[in-house]
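Input: a single structure, listed below in structure tokens.
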């Protein structure tokens, strides 16, 4: 895949690749990109997944590059002069097209204003310009909430602002640290990434560099939970264990055995020799290092098969409980009140396959995990959501021994 500015004559690739080259000539508050990638079959929205369970997984799974790390770093390459090369980029719809999503932007607007930009709304769109055409000016800005997106956006802007910028109450997620590492490789001067205070000394320009995307911690966690819900044993690599310390602690407390095989490899086992079931546990999502919101739906699926009551509190995103109603269709016992769910767990044998609909990325994968544990056939619509964030999920599950396949209607077959 190649992303190039209109100022580049770089040829388009003829074959698929897992690296991205960006040739950029930054313009103040102006960017115009031509985006091309190898032609791949468009996934019809009418596709479904069919899972015959219960499954017992075994073997090894390789983790793809991080989606949540790739997207902001792709944006950050626009700050650099010259060529930037990103490797280990996951082959996902979200990394092929930078889609717009509806989210509050008040932190972004106030942050840019703190750096000296003039921001106004015209025709339903935000327009930002450097005051008096002199460029952005460093300043101090406190984030009311440690938003990952706002921290990443202001971090990029501050790298090319005049003077020193101090971001307080900044997000500490691994993806923020990775973005700072990429920008530092490109010549930026950044201190404190990974803490709640980041200090950026602005530069007149940054240069291109080569950077390898880290393994996806959410995909890693999803496969750890897949091993747990199917009461199986698998090995996973490459991983960064410190990025998932909260999940590892919870799974060990539930009765799973997690061994670090090497610096970037884990073995997860939920096998029981005496018939003892896993124990339920409570989770409360929050900014890193708290429990990651992107693993909440998958963890809820596991908790439906664990003994006892478990409390799930979603404190990051509103309306992130739609998967609960679908899990109930499988036989799970879940009561939802606002952003809190009470899960009354029981043995996985009580889950029975049925037809389900995934309405978002992580919720869709939670249904896949539940389908792996359920008895009978589970059909899941909404495959296009899952394809946004999981590279070759079906193939990886098949290699672990799961009976899962895509169902393509005859009308979509050529």
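The values are calculated or read from the model by the stated rules, or taken from the named source; none is laboratory data. A quick note: this is a predicted structure, and the numbers were derived from the prediction, not measured. Note that we place each Cβ from the backbone using ideal geometry, even for glycine, and neighbour counts take in every protein chain shown.
Some notes on this structure:
- Taking segment 115-145 as the range and being surrounded by 12 or more Cβ atoms within 10 Å (Cβ to Cβ) and assigned to a helix (DSSP H, G or I) as the test, only 131 passes.
- Residues located in segment 355-364, provided they are more than 10 Å from residue 380 (Cβ to Cβ) and surrounded by fewer than 16 Cβ atoms within 10 Å (Cβ to Cβ): 359
- Residue within segment 99-114 that is over 19 Å from residue 170 (Cβ atoms), at pLDDT 80 or above and loosely packed, with under 15 Cβ neighbours inside 10 Å present: no
- Selection within segment 249-263: residues that are touching a residue at least 12 places away in the same chain (Cβ under 8 Å) and assigned to a helix (DSSP H, G or I). The member of this set that is nearest to residue 290 (Cα to Cα) is 250.
- Qualifying residue in segment 276-289 (condition: crowded, with 22+ Cβ neighbours inside 10 Å, over 20 Å from the mean Cα position of the chain (by Cα), part of a strand (DSSP E or B) and in contact (Cβ under 8 Å) with a residue 24 or more places away in the chain): no
- In segment 202-243, residue surrounded by the fewest Cβ atoms within 10 Å (Cβ to Cβ) [restricted to those that are farther than 30 Å from residue 347 by Cα and without any contact (Cβ under 8 Å) to a residue 60 or more places away in the chain]: 204
- Counting only strands (runs of 3 or more DSSP E) that sit completely within segment 306-376, those holding 1 or more residues that are in contact with a strand residue (DSSP E or B) (Cβ under 8 Å, 6 or more places away or on another chain) and touching a residue at least 60 places away in the same chain (Cβ under 8 Å) correspond to 340-345.
- Residue 394 surrounded by 16 or more Cβ atoms within 10 Å (Cβ to Cβ) and free of Cβ contacts under 8 Å to residues at least 40 places away in the same chain: no
- Selection count where residues are surrounded by fewer than 23 Cβ atoms within 10 Å (Cβ to Cβ) and assigned to a loop (DSSP other than H, G, I, E, B), scope segment 377-391: 3
Residue by residue, here is whether (1) farther than 19 Å from residue 231 by Cα; (2) at pLDDT 95 or above; (3) out of contact with any helix residue (DSSP H, G or I) (no Cβ under 7 Å at 6 or more places or on another chain) holds:
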residue	(1), (2), (3)
330	no, yes, no
334	yes, yes, no
339	yes, yes, yes
342	yes, yes, yes
351	no, yes, no
358	yes, yes, no
371	no, yes, yes
375	no, yes, no
382	yes, no, no
